[in-house]
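These notes are about the structure you will find just below.
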Amino acid sequence: MYVWAVFFHLVFVAFWMGGMLFTAAVLVPATRKKLASQKGLLFIELGTRFSRLSWAIFPLLLFTGFLALLGKGFPVQALASSEFWQSGYGSSLALKLLIFGFVLLISAVHDFWLGPKAAVLMDDEPSSRKTQVYKKSSSWLGRLNLLLGLAIIYIAVTLVR
């Protein structure tokens, strides 16, 4: 169970983080010149698809992470105890989950409000101040989520090493 839980957990993380890295390193730069005329539509289409899959993956990450803990030998009773969460391992895991909670909050704001609004404005009012504010805000939230995701991966590595 442990190996399969970790395997699927890593596949889900790879999809989620890979999508964010692809967006930052490939998609956004590609839209600056050649695809600029349909930038909003492109972000709406790709962003909506990626967002839907990411939101489906988030609970699967929690589930596979829980199964990995059980498979690693932590019984449910231990996970429910304050002693576990006060231990070095437990406090690192708590930090990882806290950051993941922030990721969910930021993702919700980005995916359901700022991102879609910025994408629509990019095509409707490409030069307006309002468009620039939404674009910048959405971009910075995406970057913050990417950094928080990398922090989660770092903490995960420290938990297994």
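Report, please, the projected area of segment 25-96 averaged over directions, based on the convex hull of its C-alpha atoms, in nm².
6.9 nm²
FRET efficiency for the pair PHE66 and VAL28, taken as 1/(1 + (r/R0)^6) with r the Cβ-Cβ distance and R0 = 41 Å, rounds to 0.75. What do you get for the angle between helix 115-124 and the principal long axis of the chain? Use alpha-carbon atoms, 0 to 90 degrees, nearest ten. Approximately 10 degrees, to the nearest ten. Note on LYS39: aspartates and glutamates with a C-alpha under 17 Å away, same-chain residues under 8 apart excluded, are ASP111, ASP123, ASP124, GLU125. Return one number: the angle in degrees, 0 to 90 and rounded to the nearest 10, between the long axis of the Cα atoms of helix 88-109 and the longest principal axis of the Cα atoms of the chain. In the chain, helix 88-109 runs at an angle near 20 degrees to the longest axis.
Every read-out reported here was derived from the displayed coordinates using simple, explicitly stated rules and does not represent laboratory data. Computed from a predicted model, the values in this text were never measured in an experiment. Cβ sites come from the backbone with ideal geometry, for glycine too, and all protein chains shown count toward neighbours.
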